[in-house]
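Asker: Take a look at this one; I'll ask things after.
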Amino acid sequence: MMSIDPVLEAIKDFEKLRKIIGDNDELGSKFRSRTRFMLSLIEDTGLVAALSFCYSKAEHKTYENIIRIWHGEGEKLRAGEEEKKSYALYFYLVLQYLKNLGIISKDDVNSPLAAFKTLREKGTVTFRLIKSYLTHLKRFAEAVYKSEREIT
């Protein structure tokens with residue numbers, strides 16, 4: 001596994017995320033909610049169970065679209081289905097960070113079912129390796145985006 005600074009990675013990823021979200025306040029607030037909820041869910045149910053829930057909420061087509069947009073291969077995010085997009089963005093960031101750590105492969109990022117299999121084999125130590133990154137994403141989202149109650 002590679003030695004990566006989770007704070008710097010969270011900053012880099014959050015800066016890119018802000019560019020992708022743009023002025024879509026609803027998506028920003030939903031992403032903020034995901035960072036709070038998913039961190040708790042991972043702690044309560046385990047990484048694979050929580051990420052499979054996240055993937056189910058995102059749906060595969062939305063997840064694939066987020067990957068294309070993240071890499072500049074798709075068009076910009078359009079309004080609509082902000083809930084799915086918020087789950088897909090969070091799910092992608094987690095898998096991408098796991099790839100950067102050398103825990104999963106690029107193929108696993110593109111094929112979530114393969115990622116789940118790999119993560120299941122890695123055990124519970126994986127969450128400890130990503131907790132700081134996820135905590136910083138949550139803090140940045142809380143600082144920048146309003147809660148869902150504030151925008152509705």
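A short reminder: the numbers here are calculations on the coordinates, not readings from a lab. Keep in mind that what you see is a predicted model, and the values were worked out from it rather than measured. So basically every Cβ, Gly included, is an ideal-geometry build from the backbone, and we count neighbours across all protein chains shown.
Asker: Taking the options Y133, Y92, Y87, name whichever one is free of Cβ contacts under 8 Å to residues at least 40 places away in the same chain and under 15 Å from the mean Cα position of the chain (by Cα).
Answerer: Exactly one residue qualifies, and that residue is Y92.
Asker: Still on this model: Among the residues of region 10-37, how many are touching a residue at least 40 places away in the same chain (Cβ under 8 Å) and out of contact with any Phe, Trp or Tyr (no Cβ under 6 Å at 6 or more places or on another chain)?
Answerer: Number satisfying all stated conditions: 17.
Asker: Restricting the search to region 123-149, which residues are touching a Gly at 6+ places or on another chain (Cβ under 9 Å), part of a loop (DSSP other than H, G, I, E, B) and over 9 Å from R32 (Cβ atoms)?
Answerer: T124
Asker: Hey, another quick one. Give me the residue from region 106-130 that is within 28 Å of K61 (Cβ to Cβ), small (G, A, S) and surrounded by fewer than 19 Cβ atoms within 10 Å (Cβ to Cβ) and, out of that set, nearest to the chain's Cα centre (by Cα).
Answerer: Filtering first and then ranking leaves S111.
Asker: Can you tell me which of (1) closer than 18 Å to A10 by Cβ; (2) outside any helix (DSSP H, G or I); (3) without any contact (Cβ under 8 Å) to a residue 40 or more places away in the chain; (4) not small (G, A, S) is the one E73 doesn't meet?
Answerer: Against the list (1) closer than 18 Å to A10 by Cβ; (2) outside any helix (DSSP H, G or I); (3) without any contact (Cβ under 8 Å) to a residue 40 or more places away in the chain; (4) not small (G, A, S), E73 comes up short only on (1).
Asker: Further question on the same structure: Could you say which residue among I67, I42, I103 is in a loop (DSSP other than H, G, I, E, B) and either touching a residue at least 40 places away in the same chain (Cβ under 8 Å) or crowded, with 19+ Cβ neighbours inside 10 Å (or both)?
Answerer: From the options I67, I42, I103, the qualifying one is I103.
Asker: Given the condition assigned to a helix (DSSP H, G or I), among the aromatic types (F, W, Y) and more than 20 Å from S40 (Cβ to Cβ), answer yes or no: does some residue in region 77-97 qualify?
Answerer: No, region 77-97 has no match at all.
Asker: Quick check on region 47-62. Is at least one of its residues polar (S, T, N, Q), more than 26 Å from R149 (Cβ to Cβ), touching a residue at least 40 places away in the same chain (Cβ under 8 Å) and not in a loop (DSSP other than H, G, I, E, B)?
Answerer: The answer is yes; a qualifying residue exists.
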